[in-house]
Every structure is written in structure tokens, then in C-alpha cells.
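Student: I'd like to ask some things about the structure below.
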Amino acid sequence: MQVAQLRRRVILMEATGFLAVIAALWLDEILDLPHAWFGFQPTPLNWVEGLIETGMTLLCASVVMMSTSLLIRLLMTLQGMLPVCSHCHRVRDDKGAWRQIEAYVRDHTGTEFSHGICPDCLRIHSPGYCDGADSPRRESGQTGC
């Protein structure tokens, strides 16, 4: 199941629960359930109280659903096993397409990449770059090889 699908399902379940709470509030307000079930003193219908309780419930619902959506997105950012090609280092996504690892991680986490070269790869792939007094980095005054 994809993250967006899971998020929609959970939010739909939460919304259904909050709508049930609002329905119960109004059912109690209209039918005066404590009087009907337990014989308490009857209370008149109070529209203002019902509207305030509904508003407060909707406010709580929006906060809970936004928080849940954010948490699901954070939890599902990168999970499970990530199939990576051992030659080109592309990643197979949910749809079976092979994509650059940078694009996959950026799309799932929002992380942007910058590229450099580590000292070990620099020595392997550019052996003369840091050696000797006439190397380009030494001439420009840079250090760090």
C-alpha cells in the first residue's frame, strides 16, 4: 500500500469517528438521553451549546487529522527493503520502475542532494590530483586531499 493511500484511509477512519462523536452530541442534545435512559431531570434543547460543542469537536478533529497525516508521512518516508541495482545504483520504486537514487530519496523525503567526491575515490579515479607540488589543488592553495 502506498503512503498516500494509507494516509487517506486513516484520515477517512478518523473523520468517520469524529462525525460519529458529533452525531452523538446532537442526538443527546435533541433526545435528552440522560433523561430518557436514566430518568434525570429533563433539559431543554440548547442550540448554542450544541453548535459550540460541534465547533470544538471539529477543531480537535482537524488538529488530530493534520497531525496524523504528518506522522504517517514521516513514518512511511523510507521503510522496508530498498532494491538497488548493484551496477548503476538505481532504485526500484513501488511501480517497478528503476530510478536514480537521488530522485527516489528526494521524492520520498524532500532531501536535496549535492555531489562531491570522497578522498578514497579521488585517489582511485584521479590519482595525480592531490599528489605532488604541482597538483591543481596545491597551486590554488586548497587543502584537504
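Student: Which pairs have Cβ atoms under 6 Å, sit 6 or more apart or on different chains, and link a residue in the stretch 108-127 that is closer than 30 Å to Lys95 by Cα to one that is of a type in the set (Val, Ile, Thr) and assigned to a helix (DSSP H, G or I)?
Tutor: Pairs that qualify, where the first residue is closer than 30 Å to Lys95 by Cα and the partner is of a type in the set (Val, Ile, Thr) and assigned to a helix (DSSP H, G or I), are Thr111/Val105.
Student: So Gly55 passes all but one of these: (1) in the same structural domain as Val10 (by TED's automatic domain parsing); (2) of a type in the set (Gly, Ala, Ser); (3) touching a strand residue (DSSP E or B) at 6+ places or on another chain (Cβ under 9 Å). Which condition number does it fail?
Tutor: Gly55 satisfies all of (1) in the same structural domain as Val10 (by TED's automatic domain parsing); (2) of a type in the set (Gly, Ala, Ser); (3) touching a strand residue (DSSP E or B) at 6+ places or on another chain (Cβ under 9 Å) except (3).
Student: Would you list the helices (runs of 4 or more DSSP H) that sit entirely within the stretch 3-122 and hold 1 or more residues that are modelled with pLDDT under 95, hydrophobic (A, V, I, L, M, F, W, C) and touching a helix residue (DSSP H, G or I) at 6+ places or on another chain (Cβ under 9 Å)?
Tutor: Of the helices (runs of 4 or more DSSP H) lying wholly inside the stretch 3-122, those with at least 1 residues that are modelled with pLDDT under 95, hydrophobic (A, V, I, L, M, F, W, C) and touching a helix residue (DSSP H, G or I) at 6+ places or on another chain (Cβ under 9 Å) span 3-31, 33-38, 47-75.
The values are calculated or read from the model by the stated rules, or taken from the named source; none is laboratory data. Computed from a predicted structure; not experimentally measured. Because the Cβ atoms are built from the backbone with ideal geometry, glycine has one as well, and the counts that use them run over all protein chains shown.
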